[in-house]
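Enquirer: To start, I am sharing the structure in question, which I have written as structure tokens.
The values are calculated or read from the model by the stated rules, or taken from the named source; none is laboratory data. Predicted model, so just to flag it, every value in this text is computed and none were measured. Note that each Cβ is placed from the backbone with ideal geometry, even for glycine, and that neighbours are counted across all protein chains shown. Just so you know, the surface numbers come from the protein's heavy atoms only, side chains and all, with ligands and any DNA or RNA stripped out. Shrake-Rupley method; radii C 1.70, N 1.55, O 1.52, S 1.80 Å.
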Amino acid sequence: MSPPLLDVPTPRPVIVALCGYQKHGKTTAARYLERHLGYHRSSFADPIRAMLIAQGCPASAFSEDGKDVPRDELCGMTPRMAMESLGDWGREQALDFWIRAWDRTLPVDPLLVIDDARYDLEAASALGVARRRGAAFVMIEVFRPDYSCGTLHGSNRVPVAPAGVVADHVINDRGVDVLGARVVDVLRERGCVK
């Protein structure tokens, strides 16, 4: 069954890159677009999660409630810590190691929302995918003023918008529906929703 559409996406493909600190609402906003506008959600961290699942860590451990709980399958590390460590390892091999892994598994879908653009190179890669597909590109920072900025790990950051891109900002201070409506308002202002 198709999701109920609150607004109608434009016929042109659209790629939305969400950025912001840990637990500020990036995935929540992406799920809203998934449910209400039919977007396909993707994460640069998908290949990292897949590797940890292959090591025996259950997929449920990567839920918002489970990311910070130590796991026996990860030798006592939390899934968040394991993802950060594995992410660092990949970037030590090549700065675009995880980007290439993500790009190889990226669905061909006209409406794509990326819920974790954390590094400048990831934001630039998302723009590159949009250009290859002839898609509109929108970068939105989600900010939750009542919440800390999270861990000190290098992945917990807001990337610089690629050259020629102006990042929009939405405040996450009133719940899922208001956050989702604010993101949809940005897309409407950018001509990506009728």
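Enquirer: Answer with yes or no whether Pro145 is surrounded by 16 or more Cβ atoms within 10 Å (Cβ to Cβ) and in a loop (DSSP other than H, G, I, E, B).
Expert: In short, no.
Enquirer: Within segment 31-71, take every residue that is over 23 Å from His153 (Cα atoms) and among the aliphatic types (A, V, I, L, M) and give me the one that is most open to solvent (accessible area, probe 1.4 Å).
Expert: Here the residue is Ala54.
Enquirer: Hey, among Arg80, Arg118, which residue is buried (at least 18 other Cβ atoms within 10 Å of the Cβ), in a loop (DSSP other than H, G, I, E, B) and of a type in the set (Lys, Arg)?
Expert: After ruling out the rest, the residue left standing is Arg118.
Enquirer: Here is a check on your reading of the model: is Phe137 in contact with a helix residue (DSSP H, G or I) (Cβ under 7 Å, 6 or more places away or on another chain), surrounded by fewer than 21 Cβ atoms within 10 Å (Cβ to Cβ) and of a type in the set (Phe, Trp, Tyr)?
Expert: For Phe137, the condition - in contact with a helix residue (DSSP H, G or I) (Cβ under 7 Å, 6 or more places away or on another chain), surrounded by fewer than 21 Cβ atoms within 10 Å (Cβ to Cβ) and of a type in the set (Phe, Trp, Tyr) - is not met.
Enquirer: For segment 159-176, give me each residue that is touching a residue at least 60 places away in the same chain (Cβ under 8 Å) and open to solvent by 40 Å² or more (accessible area, probe 1.4 Å).
Expert: Val176
Enquirer: Scanning for something in contact with a Gly (Cβ under 9 Å, 6 or more places away or on another chain), open to solvent by 30 Å² or more (accessible area, probe 1.4 Å) and polar (S, T, N, Q), does segment 11-23 turn up at least one residue?
Expert: no
Enquirer: So which residues in segment 111-146 are in contact with a His (Cβ under 8 Å, 6 or more places away or on another chain) and hydrophobic (A, V, I, L, M, F, W, C)?
Expert: Filtering segment 111-146 down to residues in contact with a His (Cβ under 8 Å, 6 or more places away or on another chain) leaves 111-113, 140-144.
Answer for segment 111-146, where residues must be in contact with a His (Cβ under 8 Å, 6 or more places away or on another chain) and hydrophobic (A, V, I, L, M, F, W, C): Leu111, Leu112, Val113, Ile140, Val142, Phe143.
Enquirer: Of all the residues that make up segment 62-74, how many are more than 13 Å from Ala45 (Cβ to Cβ) and in contact (Cβ under 8 Å) with a residue 12 or more places away in the chain?
Expert: Filtering segment 62-74 down to residues more than 13 Å from Ala45 (Cβ to Cβ) leaves 63-66, 68-74.
Subsequent filtering for residues that are in contact (Cβ under 8 Å) with a residue 12 or more places away in the chain retains 64, 66, 68, 71, 73-74.
The number of residues fulfilling the criteria is 6.
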